[in-house]
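The values are calculated or read from the model by the stated rules, or taken from the named source; none is laboratory data. Here the structure is a predicted model, which is why all the values come from computation and not from measurement. Counting neighbours? That spans all protein chains shown, and the Cβs are built from the backbone with ideal geometry, glycine included. Ligands, DNA and RNA are stripped out before the accessible areas are found, and what is left, the full protein with its side chains, is counted by its heavy atoms. Shrake-Rupley method; radii C 1.70, N 1.55, O 1.52, S 1.80 Å.
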Amino acid sequence: DCSAQRRHQKVLEESPAPGLPESIRTELAEAATRLASLAAYRSAGTVEFLVDVASSTVAFLEVNARLQVEHAVTEAIHGIDLVEWMIRLAAGDGSVLERPAPARGHAIEVRVCAENPWRDHAPSAGTLTSVTMPAATRVDTWVEAGTVVTSFYDSLLAKVVVHAETRDGAVARLRRALDELR
């Protein structure tokens, strides 16, 4: 679920989607699998749908035939490394095309951006004088103390990814991680 967006950019993604009935989740997975199979697609990618839970209506939106920023959520719930899988596939290892283990638990990813919330979340440039990442948490980032952040590129500084057996557990871990983030 990537419903939390600002300016067509995902801010938060989680899996499984909260409140989504299992029947719709199954329908989405089967449709995405069929589409990839019919297209003979053999790499990482995302099939996106719009879902109206109230009416149980599912509409195809698009296919992103690439690894997306939020791939860490898939990795967390399936216990896989998609980048490794892509490299192995490119090297001729077809074993990675087998269906991964069933999803387990709940994962949430939050994007940390260089934005000014008092200026309608406009990009915020400057030098990072101190950076503290949360302990025992997956953080994909490119920044450290001394990094100069410009306003000419995407404002993404880091992705904080948590996983737990339940959604409540994942939310609690995310709160702790974000409290530690500086």
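Observations
- Semi-axis lengths, Å, the stretch 125-172, gyration tensor of Cα atoms, sqrt of 5 times eigenvalues: 27, 12, 7
- Probe 1.4 Å, protein heavy atoms only - accessible area per residue of the chain in square angstrom: 62 Å²
- Taking label positions 7 Å along the Cα-Cβ direction at both Val69 and Trp118, the computed distance is 2.5 nm, reported to one decimal.
- Gyration tensor verdict on the stretch 79-182 (Cα atoms; rounded if a/c is under 1.5, prolate if a/b is larger than b/c, oblate otherwise): oblate
- The chain: proportion of alpha-carbon pairs further apart than 28 angstrom, %: 32 percent
- Taking packing as the residue-averaged number of other Cβ atoms within 10 angstrom, the listed peptides 132-141, 110-119 run from highest to lowest as 110-119, 132-141.
- In the stretch 43-182, the portion of solvent-accessible area held by carbon and sulfur atoms comes to 54 percent [1.4 Å probe, whole percent, DNA, RNA and ligands not counted].
- Computed from point charges on the beta carbon alone (+1 for Lys and Arg, -1 for Asp and Glu), the dipole magnitude for the chain about its Cα centre is near 220 Debye.
- Calculated log₁₀ intensity ratio I(q)/I(0) where the Debye formula runs over C-alpha points of the stretch 1-93, q = 0.25 Å⁻¹: -1.58
- Placing pseudo-labels 7 Å out from each Cα toward the beta carbon at Ala91 and Glu48 gives an inter-label distance of 3.2 nm.
- Relative contact order for the chain: 18 percent, from Cα pairs under 8 Å spaced at least 6 residues apart, divided by residue count.
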